[in-house]
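> What follows is a single structure, and I will ask about it in a moment.
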Amino acid sequence: MAEQHLAVVVLAAGEGTRMRSRKPKVMHEIAGLPLLGHALVTATQLGASHVVPVIRHQKDLIAEYITAFFPSAIIAEQDDVPGTGRAVECALAALPADFEGAVVVTSGDVPLLDVATLENLIDAHLETGAAATLLTAILDDPAGYGRIIRNTAGAFLEIIEDRDATEAQREVNEVNAGVYVFDAKQLREALAAIGTHNAQGEKYLTDVAEVLVKNKKKVLALSVTDNWLVAGINDRRQLADVALELNLRICEAWQLAGVTILDPASTWIDVTVQIGEDVTLMPGTYLRGFTTIAEGATVGPEVVMTDTEVGAGAHVVKAHVTSSRIGEGASVGPFAYLRPGTDLGADGKIGTFVETKNAKIGAGSKVPHLSYVGDAEIGVESNIGAGTIFANYDGVNKHRSTIGSHVRTGSSNVFVAPITIGDGAYTAAGTVVRRDVESGALALNVSPQKNMADWVLQKRPGSKAAEAAQKAHKAK
Ligand code: UD1
Ligand code: MG
């Protein structure tokens, strides 16, 4: 149900200088989504009538992402006046002029904030009729955050930014999480009253709270118990810390859902991945993007898998797999490279040192050793001999090969595409297949082997090979 009187503003206009990156801070990824993506997913799940990301720094790039993945968001642009307060003012300007109700403000650099925490904050805000309700956290190391200043009775007074704080204020370890609920009307009025008299010359959103308190409005500051939920990312150390924590939480959730994960510390799972019951994930496994693993499959050790569908009971070990499908009960690896468009049928096999691309390999068919299969279709229950190359590229164009069902091809074959090998055909070892092979035929290149007697004795006299040959002759 869409909340008609709820707007969520997501701040993402800052430069993020502490990241020291060409990429905007909010576009750095953890668990497969940009930081901003995490914040917008949460905002969207709140069911607000308006979700308003505010952008400015590298705005085209960020707007492109928002438009592609969150098309109903209303993008607001911040102008030349810097600061989180100005950013919110610009967001309010993008809302319908008569918008009334609650305005939630979150940051594009706080990715672990969840829907439940925001819902609790909104409920407290509405129940108490507060003008503003903000989230705080008690940190062992509060450096860098705005400090929550309370009076002796414990009532909220103001937020002082780290840079503007006195020594005594810096000792305070309750910090502003940067997550707020405001009454829209009171927020508008308070923003109009604040200036830029601070160390950064910015219009701080945090000053709104102080203005409201001075005007005798009710401001609540509620603390979270799980500090990770409000961890802000400002540099790459924090990016890694938060990514690690999020990953451990993702692994834990899958463990509780029936997935065996031997080593969560070396298993990385994107938020977009789906995993069935009784799947086993071995150490060194990366599951990325829209990967789905069906029940009972085993993945790893050492697998990097992106946008791939793995069927029930399949086995994948030491493999790099992208945009592929691995059928039920199939087996892949070790040392396999499945490139986009690989489709391995049920109980099929892609074995060791095998590379595949745009290859449909039918049910029960096997490519066990040392081969390249590109732009090919193989029927069911066929076996491709060791060391086979599908020569799909003539230097200008790519061509397809079609191999039938129940085919047996010899070792060290080259299939010069385009070719077709019919059902039940065989090819001999070392065959270069340049012409189609009809069903049931054996293809071989007729160039009989010739042995030149005593070539070694004549051409390599005195060598170890010649000595060995002489010895063998004498023994006869
Ligand atoms: C801010 C808070 C601080 C709080 C901390 C929590 C202010 C003044 N300070 O500090 O009290 O403890 O978050 O993480 O609000 N942004 C804009 N426009 C701007 C500046 C920033 O949209 O002009 C956005 C940034 O892109 C970012 C968010 O606002 O997503 C926070 O900005 P940041 O510079 O990281 O503020 P902090 O110093 O962390
Ligand atoms: Mg920050």
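> Might you let me know whether segment 105-119 holds any residue that is touching a Pro at 6+ places or on another chain (Cβ under 8 Å), closer than 25 Å to GLU245 by Cα and within 12 Å of ligand 1 (Cβ to nearest atom)?
yes
> Please tell me if THR260 is free of Cβ contacts under 8 Å to residues at least 60 places away in the same chain and hydroxyl-bearing (Ser, Thr, Tyr).
Against the criterion (free of Cβ contacts under 8 Å to residues at least 60 places away in the same chain and hydroxyl-bearing (Ser, Thr, Tyr)), THR260 qualifies.
> Name the single residue, out of those in segment 431-458 being charged (D, E, K, R) and closer than 30 Å to VAL414 by Cβ, that is surrounded by the fewest Cβ atoms within 10 Å (Cβ to Cβ).
LYS450
> Counting only residues that are hydrophobic (A, V, I, L, M, F, W, C) and without any contact (Cβ under 8 Å) to a residue 40 or more places away in the chain, which one in segment 128-159 is surrounded by the most Cβ atoms within 10 Å (Cβ to Cβ)?
It comes out as ILE149.
> Would you be able to say whether some residue in segment 117-137 is at pLDDT below 95 and over 15 Å from VAL51 (Cα atoms)?
Within segment 117-137, not a single residue is at pLDDT below 95 and over 15 Å from VAL51 (Cα atoms).
> Taking segment 398-413 as the search range and keeping residues that are assigned to a strand (DSSP E or B) and surrounded by fewer than 17 Cβ atoms within 10 Å (Cβ to Cβ), which one is farthest from the chain's Cα centre (by Cα)?
It comes out as ARG408.
> How many residues, within segment 409-456, are touching an Asp or Glu at 6+ places or on another chain (Cβ under 6 Å) and small (Gly, Ala, Ser)?
2
> Right, another one. Quick check on segment 258-266. Is at least one of its residues buried (at least 18 other Cβ atoms within 10 Å of the Cβ) and within 30 Å of ALA359 (Cβ to Cβ)?
Yes, that holds for at least one residue.
> How many of the residues in segment 160-185 are more than 15 Å from ligand 1 (Cβ to nearest atom) and either basic (Lys, Arg) or without any contact (Cβ under 8 Å) to a residue 40 or more places away in the chain (or both)?
Adding up the residues that qualify gives 5.
> Answer with yes or no whether GLY83 is within 16 Å of ligand 1 (Cβ to nearest atom) and in contact with a strand residue (DSSP E or B) (Cβ under 8 Å, 6 or more places away or on another chain).
no
> Answer with yes or no whether VAL219 is within 28 Å of PRO142 (Cβ to Cβ), assigned by TED's automatic domain parsing to the domain that holds MET19 and not basic (Lys, Arg).
yes
> Specify which of the listed residues (LEU287, LEU281) is over 10 Å from the mean Cα position of the chain (by Cα) and in the same structural domain as ALA336 (by TED's automatic domain parsing).
LEU281
> Turning to a different aspect of this structure: List the pairs whose first member sits in segment 186-199 and is over 13 Å from VAL88 (Cβ atoms), whose second member is outside any helix (DSSP H, G or I) and β-branched (Val, Ile, Thr), and whose Cβ atoms are under 9 Å apart, counting only residues at least 6 apart or on separate chains?
THR196/VAL81
> What about VAL211, is it of a type in the set (Val, Ile, Thr), within 15 Å of ligand 1 (Cβ to nearest atom) and in contact (Cβ under 8 Å) with a residue 24 or more places away in the chain?
no
> In contact (Cβ under 8 Å) with a residue 12 or more places away in the chain, in a strand (DSSP E or B) and of a type in the set (Val, Ile, Thr): is that true of VAL380 in this structure?
Answer is no for this residue.
> Would you mind telling me which numbered condition in (1) aliphatic (A, V, I, L, M); (2) touching an Asp or Glu at 6+ places or on another chain (Cβ under 7 Å); (3) within 12 Å of ligand 1 (Cβ to nearest atom) ALA131 fails?
Looking at each condition in turn, ALA131 falls short on (3).
> OK, next. Criterion first (over 23 Å from PHE353 (Cα atoms) and either assigned to a strand (DSSP E or B) or without any contact (Cβ under 8 Å) to a residue 12 or more places away in the chain (or both)) does GLY395 satisfy it?
yes
The values are calculated or read from the model by the stated rules, or taken from the named source; none is laboratory data. Just so you know, these numbers come straight off a predicted model, no measurement behind them. Heads up, the Cβs are rebuilt from the backbone with ideal geometry, glycines too, and the neighbour counts pull from every protein chain shown.
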